[in-house]
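First the structure, in the form of structure tokens, and then the observations on it.
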4 protein chains.
Amino acid sequence: MTEKPKLSIGLIGSGFMGKAHVFGFATAQKVFDLPMEIELHTLADITDAAAARAAHDFGFAHATSNWREMLDNPEIDVIDITAPNALHKEMAMAAIAAGKHVYCEKPLAPSALDAAEMAEAAEQAGLKTQVGFNYLCNPMMRLAKEMIEAGELGEIRSYRGLHAEDYMANAKDPFTFRHDPAGGGALADLGSHALATAEYLLGPIREVIGDCVTAISQRPDGKGGQKAIKVDDIGRAFLRFANGASGSIEGNWIATGRKMQHDFEVHGSKGGLVFTGERLNELHFYSVEDAPGRRGFRKIEAAPDHPPYGNFCVAPGHQIGFNDLKAIEVAGYVNAIARQGKEPFSFRDGLRIQTLVEQIQKSSATNAWISV
Amino acid sequence: MTEKPKLSIGLIGSGFMGKAHVFGFATAQKVFDLPMEIELHTLADITDAAAARAAHDFGFAHATSNWREMLDNPEIDVIDITAPNALHKEMAMAAIAAGKHVYCEKPLAPSALDAAEMAEAAEQAGLKTQVGFNYLCNPMMRLAKEMIEAGELGEIRSYRGLHAEDYMANAKDPFTFRHDPAGGGALADLGSHALATAEYLLGPIREVIGDCVTAISQRPDGKGGQKAIKVDDIGRAFLRFANGASGSIEGNWIATGRKMQHDFEVHGSKGGLVFTGERLNELHFYSVEDAPGRRGFRKIEAAPDHPPYGNFCVAPGHQIGFNDLKAIEVAGYVNAIARQGKEPFSFRDGLRIQTLVEQIQKSSATNAWISV
Amino acid sequence: MTEKPKLSIGLIGSGFMGKAHVFGFATAQKVFDLPMEIELHTLADITDAAAARAAHDFGFAHATSNWREMLDNPEIDVIDITAPNALHKEMAMAAIAAGKHVYCEKPLAPSALDAAEMAEAAEQAGLKTQVGFNYLCNPMMRLAKEMIEAGELGEIRSYRGLHAEDYMANAKDPFTFRHDPAGGGALADLGSHALATAEYLLGPIREVIGDCVTAISQRPDGKGGQKAIKVDDIGRAFLRFANGASGSIEGNWIATGRKMQHDFEVHGSKGGLVFTGERLNELHFYSVEDAPGRRGFRKIEAAPDHPPYGNFCVAPGHQIGFNDLKAIEVAGYVNAIARQGKEPFSFRDGLRIQTLVEQIQKSSATNAWISV
Amino acid sequence: MTEKPKLSIGLIGSGFMGKAHVFGFATAQKVFDLPMEIELHTLADITDAAAARAAHDFGFAHATSNWREMLDNPEIDVIDITAPNALHKEMAMAAIAAGKHVYCEKPLAPSALDAAEMAEAAEQAGLKTQVGFNYLCNPMMRLAKEMIEAGELGEIRSYRGLHAEDYMANAKDPFTFRHDPAGGGALADLGSHALATAEYLLGPIREVIGDCVTAISQRPDGKGGQKAIKVDDIGRAFLRFANGASGSIEGNWIATGRKMQHDFEVHGSKGGLVFTGERLNELHFYSVEDAPGRRGFRKIEAAPDHPPYGNFCVAPGHQIGFNDLKAIEVAGYVNAIARQGKEPFSFRDGLRIQTLVEQIQKSSATNAWISV
């Protein structure tokens, strides 16, 4: 039993996503036979006290209130950024300059221009990057992709994608950073997931035309007044894919009643697939090759037949959860760092989604199809 | 027990929809206490023999191979047109000129211009008209409309509508009249239903921008060759409603696996509604007024609480079917003729849908939002 | 075009089931090419006025307040009994003695002894009989039976059947004839449907042991007092089928929230079937012969592939309703009278179900398996 | 920040359940703020090499091929038994004798007699015990229990419980230890879960009558011959609860197509609950207190409103998985050891389930209701 090389993590931030990353590291380590051993090295937060408490709770060996200290530490291999969005670029560029791999929560950057700079810097430095698009790590999503690529649906013709939730449906909830015109809005926040899934499954989108709508025109500013909202609550787009198919997506954060409507439906000449994020362990498959009178959408339940489900559970139908998707994402990233495959979703991929979002926003303003 | 006045029907055509109308007349008569008594007077078909056979099978007293004969017959009150689409206008205009009420299958006419002429002629003559948009007659659709109008969903913000089937998914199936550029295509054939439902529920659409796509570019011409397809297989549109909401619809006849995806989802400030035509006896309702921790989409099953379900069955959950919707449509039309309310879907309504379809097609070609 | 022989109906009763029968006659006539022409001859009700009104509404030519008059009328072929349960036997025996075919709503009789007398009398007289077990007439039920018989599920091993509703769930609702120990209770009323479906699908039950429970021990007697309830609110049984499978059924009329839980699940060595009466146009089928990783319950939607759905609608997925099931039942009965096949559910079949119900009740009292 | 007391684990076994326990320890530690710090001390397996490898992979500090060594080590607090069932009792009794808390996979012991001995020994020693009934740890199960106890369903009247899978459906799969009459069979293996859920939700069962069936009478013995099967493939029971309700359960391991049918349905005077293990993040709730015409089963999705879901994810609808249930189980056990509440499922609870299983088996053989 040879010792595995260590992969030392320096985490910035300890909020919701920081915690999810730590869950991901812990689970990935237990569930997968990773080529490297993850070490929780240092946790950086705003104050020494906060950092120390989080480091203890999460199992990091060290703590700091100055994230830049981690850049100079040769023991740290990966800078993991879960700090506020506005800081992503500065932190990532500094980490790249220091020769660290970078794991960054979405959105990668407020603009495609920024994202491009980040992706190029990392690539030139030969560093591995990762953006947190965990829904793509679902084994049923991978199954769908494999079925499409294997031709089980025949020629792909049409696509519908969605990501709708309702956390912004209450007009009395105040203005937040998510409403900031620089990078905010439902299309950027949720539509980005729908776009990522669309390209993951069908390959590149070639043209878009968008429809971005602000439904709640103002929100409390937290100081007793109201603040005008400039970002979209609903972002829609029609799509043309390079493979010839057409489709649509919608990102919507005021979809009252919906908590995880990350849905897609694909139609090909030989079959169809239907998925809803509300039931992430199911994929529904219709095949024209089934016998007449016996055709229907099959509810395929996640099982060891659908890697990497079997790493979590040897029995079918027992179901994995959201945090398990994060562990799959972490495992993919560690494999990529160990030169075993490509990152699940690199900065280059993040740039791509940011570009799509911006072009859809632009086409919505100009009412014109835009090539992407 | 006074005798009811008679309402005498002259039916043109005896195919699928002719049969469905006859089912509708028979069931409506039994299920509802109509203000008039429907009499199946004359059936017109292409040949004397065909007309005689169908008249006998369907229970009509007379038969003819010359539909124009019915126009001069003072005993006949309603001309019911289920002949090929291309003949709708000629027949309807003649019937109106003869002072008959007209019941016409969809599509009303190949163009909005034609439909307008028909609607105006009927209105000037004070005649009652009906186009067969039966999905609107579903008690669960009526429930949805009433809930929206009563404010149970609060302010309406977003809408998604669909009508997808797969009867054109096989590229080897030949060219038919449905592929004729004059009035054909998935948007006109199925998207029209999605548009009718959208306006039924939310009120007038004010602006549209479309995306009409031909996915199967040629089909067998029935003579050993191929014929180019000009009409859309998928017609999509973004919508702005007069009430301030935005939305989208899609008509799709190559949606492999779908047989009756007449779906909608509405989001308001206080709730959401979800419906699928695949389960026409259910409406799913989410209310933010339910207790925290107890919220969720409720599967409301059709019941006597939801008129006119109770006319069909006094017990909840027993379910009505497609032909029952046709009976509700017939009943609404008979009531309108007896001056008890407006027609469920008049020529004026049919003109409206035809206008929407054409404006969406036009906006798809010009990439511009169009007011409607 | 030769004239079809007439089949003249004398209907007793004009309540819920009387109306449903009339719907069935009307629809069957339109939807099927029946070998005989149904004629609504006479309607009998309690008073002359009631009979006259119902005869008019339902389209019967004659009316009477004395049902026995119909027995002597040679023009009448079928006596259709939808009168209160307590009168079923007297009426049916009189009709048989008069040489009439008899159509009787369920339950056929308060006891198996009575039912046997009725079945034997009809058979000796060579008359056709029908009991209203309409759920068996569902095309998806027929599909299930055909799949089982064709071996698509392999060797059948286990079965679960249910019929649960909630119309007796309110303890404040008064005592009714359904609570009468002679023939009443949830097992007799609803469990009988579950038993009929079980034998329809798997063939004869050989042994039963029951569990009959009264959950609401008293109900208002309608006179200000309470009346003790002796019949079961829930009737359960374990089953052994002649084919070697084992199973269970439950009849339950206090299943709060359920309106039409007429469900079954069958497991064989090669596949499984799942059905719920709440969605009567769907059958879910799992096959171990599907490719690994692609297995799952298929939602087969009712379509023209599944006779006689196509008689109602030429398009798949449009759905039939409860009243359509009644029309299929009527059609089967008319065919049987015309010597084209066996009755869908004869008095002999009704006797069988009554016997099963009584043996389950008995075994519940004695805690012993009983051969049936 | 004070240091938490350590809780040192000695794990026996490294198979499927051993791995699941380790996942549970890792996740529980990250997700919950536990009162103690879990330390993976020693892993015992059959050989030194196997133990060393597993210890390394799972993160244990030490390894041994002699589990008894762990008993004498004062550093170890908990013996965690995931060894073959036949060894559970010997190991647990030795651990108790050595003053260790014991965590044991199900089934606790091959007989209630053995289980009783184990439960009593642990209680007399004042030690905390845990059996792995993880389904009870589902937040939606806890929600159901709380709703029932709070009276949201009114008086509870009827219950249906299931646990069906299909891993024994192939008759060509060989005889395994699960087919051993000492403790084997579908009722013991899966029905036990259905029983545990039934009592968790409704409180004590008072009487049972069973129906245990062997459907596959022989299986390959692995040596080219066949071996007769004595244990049940399907175990059913009717139940009487102390609260007055009646019900049924079924355990079935030949339910072709089912992978996780851990289902229940409860009916009370005011409402109903429906759950399926195939969708473990949903609970369906019907309330008669909803407005007429608006009633229906609500699909409540797991959310932070339903503890401890929020420990895993702050957003609703994101879903937890099977391994997360194990983490909740671990957390409950650690809390109990720290004297903060009762164990989620102690040896006493395991004895209870074993007793129910045996009484059902006995009543199946004697056809008599048995008090339990």
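Of the strands (runs of 3 or more DSSP E) lying entirely inside region B:144-235, those containing at least 3 residues that are of a type in the set (Val, Ile, Thr) span B:205-213.
Number of residues in region D:275-312 that are surrounded by 21 or more Cβ atoms within 10 Å (Cβ to Cβ), of a type in the set (A, V, I, L, M) and within 11 Å of chain C (Cβ to nearest Cβ): the value is 0. Is it true that some residue in region D:130-137 is in contact with a Cys (Cβ under 8 Å, 6 or more places away or on another chain) and modelled with pLDDT of 95 or more? Yes, region D:130-137 contains a residue that is in contact with a Cys (Cβ under 8 Å, 6 or more places away or on another chain) and modelled with pLDDT of 95 or more. The listed residues are B:GLN361, B:GLN340, and the only one of them that is open to solvent by 50 Å² or more (accessible area, probe 1.4 Å) and either at pLDDT below 95 or farther than 20 Å from B:ALA186 by Cβ (or both) turns out to be B:GLN340. Of the residues that sit in region C:1-45 and are hydroxyl-bearing (Ser, Thr, Tyr) and surrounded by fewer than 23 Cβ atoms within 10 Å (Cβ to Cβ), which one is modelled with the highest pLDDT? Here the answer is C:SER8. Looking across region C:228-244, just one residue is of a type in the set (Gly, Ala, Ser), open to solvent by 10 Å² or more (accessible area, probe 1.4 Å) and closer than 26 Å to D:GLY247 by Cβ, and that is C:ALA228. When D:ALA55 is tested against (1) open to solvent by 10 Å² or more (accessible area, probe 1.4 Å); (2) touching a Ser or Thr at 6+ places or on another chain (Cβ under 9 Å), exactly one condition is not met: (1). When D:TYR135, D:TYR103 are checked against the criterion of being open to solvent by 10 Å² or more (accessible area, probe 1.4 Å) and touching a strand residue (DSSP E or B) at 6+ places or on another chain (Cβ under 7 Å), a single residue qualifies: D:TYR135. Among the helices (runs of 4 or more DSSP H) confined to region D:268-372, the ones with at least 2 residues that are farther than 30 Å from D:ALA182 by Cα and not hydroxyl-bearing (Ser, Thr, Tyr) are located at D:309-312, D:322-337. Contact map, region D:355-372: residues that are under 21 Å from C:ARG240 (Cα atoms) paired with residues that are open to solvent by 30 Å² or more (accessible area, probe 1.4 Å) and of a type in the set (D, E, K, R), Cβ distance under 8 Å, separation 6+ or inter-chain. Pairs shown: D:TRP369/D:GLU207; D:TRP369/D:ARG240. Set side by side, the residues D:ILE205, D:ILE229 differ, and just one is more than 9 Å from every other protein chain (Cβ to nearest Cβ), of a type in the set (Val, Ile, Thr) and under 20 Å from D:LEU136 (Cβ atoms), which is D:ILE205. Checked against (1) within 14 Å of chain A (Cβ to nearest Cβ); (2) at pLDDT below 95, D:THR366 passes all but condition (1).
Would you be able to tell me the number of residues in region B:46-80 that are of a type in the set (Phe, Trp, Tyr) and modelled with pLDDT under 95? Total satisfying the criteria: 1.
When region C:245-272 is limited to residues that are open to solvent by 10 Å² or more (accessible area, probe 1.4 Å) and within 13 Å of chain B (Cβ to nearest Cβ), the one that is nearest to C:ALA144 (Cα to Cα) turns out to be C:ASP263.
Here's the yes/no breakdown for (1) touching a helix residue (DSSP H, G or I) at 6+ places or on another chain (Cβ under 6 Å); (2) outside the structural domain of B:PRO107 (by TED's automatic domain parsing); (3) at negative phi; (4) surrounded by fewer than 23 Cβ atoms within 10 Å (Cβ to Cβ):
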position	(1), (2), (3), (4)
B:ALA171	no, yes, yes, yes
B:ASP180	no, yes, yes, yes
B:ALA186	no, yes, yes, no
B:LEU190	no, yes, yes, no
B:ARG206	no, yes, yes, yes
B:GLY210	yes, yes, yes, no
B:ILE216	no, yes, yes, yes
B:GLN226	no, yes, yes, yes
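Residues that are within 28 Å of C:LYS326 (Cα to Cα) and either out of contact with any Leu (no Cβ under 9 Å at 6 or more places or on another chain) or hydroxyl-bearing (Ser, Thr, Tyr) (or both) do not occur anywhere in region B:337-348.
Can we say D:PHE347 is facing another protein chain (nearest Cβ under 8 Å) and more than 30 Å from B:LYS145 (Cβ to Cβ)? Taking the combined requirement at face value, the residue does not satisfy it. Every listed requirement among (1) more than 30 Å from C:PRO35 (Cα to Cα); (2) open to solvent by less than 10 Å² (accessible area, probe 1.4 Å) is met by B:GLU75 save one, (2). Just one of the numbered conditions (1) under 16 Å from A:SER111 (Cα atoms); (2) open to solvent by less than 30 Å² (accessible area, probe 1.4 Å) is not true of A:ALA331: (1). Within region C:236-267, the only residue that satisfies the criterion of being over 19 Å from the mean Cα position of the chain (by Cα), among the β-branched types (Val, Ile, Thr) and outside any loop (DSSP other than H, G, I, E, B) is C:VAL266. State all residues of region A:312-347 that are of a type in the set (D, E, K, R) and out of contact with any strand residue (DSSP E or B) (no Cβ under 8 Å at 6 or more places or on another chain); if no residue qualifies, say none. Those that are of a type in the set (D, E, K, R) and out of contact with any strand residue (DSSP E or B) (no Cβ under 8 Å at 6 or more places or on another chain): A:ASP324, A:LYS326, A:ARG339, A:LYS342.
For B:GLY332, the criteria (1) among the small types (Gly, Ala, Ser); (2) in contact (Cβ under 8 Å) with a residue 24 or more places away in the chain; (3) within 14 Å of chain C (Cβ to nearest Cβ) hold in every case but one, which is (3).
Residues that are aromatic (Phe, Trp, Tyr) and within 23 Å of D:VAL314 (Cα to Cα) were ranked within region A:20-78; the one that is farthest from the other protein chains (Cβ to nearest Cβ) is A:PHE60.
Listed by position, the strands (runs of 3 or more DSSP E) contained in region C:11-109 that have at least 2 residues being without any contact (Cβ under 8 Å) to a residue 60 or more places away in the chain and of a type outside the set (Asp, Glu) are C:37-44, C:62-64. Within region B:130-188, track down each residue that is of a type in the set (Val, Ile, Thr) and within 11 Å of another protein chain (Cβ to nearest Cβ). Selection gives B:ILE156 alone.
The values are calculated or read from the model by the stated rules, or taken from the named source; none is laboratory data. Quick caveat: nothing in here was measured; it's all calculated off a predicted structure. Heads up, the Cβs are rebuilt from the backbone with ideal geometry, glycines too, and the neighbour counts pull from every protein chain shown. To get the accessible areas, we keep the full protein, side chains included, count just its heavy atoms, and leave off ligands, DNA and RNA. Shrake-Rupley method; radii C 1.70, N 1.55, O 1.52, S 1.80 Å.
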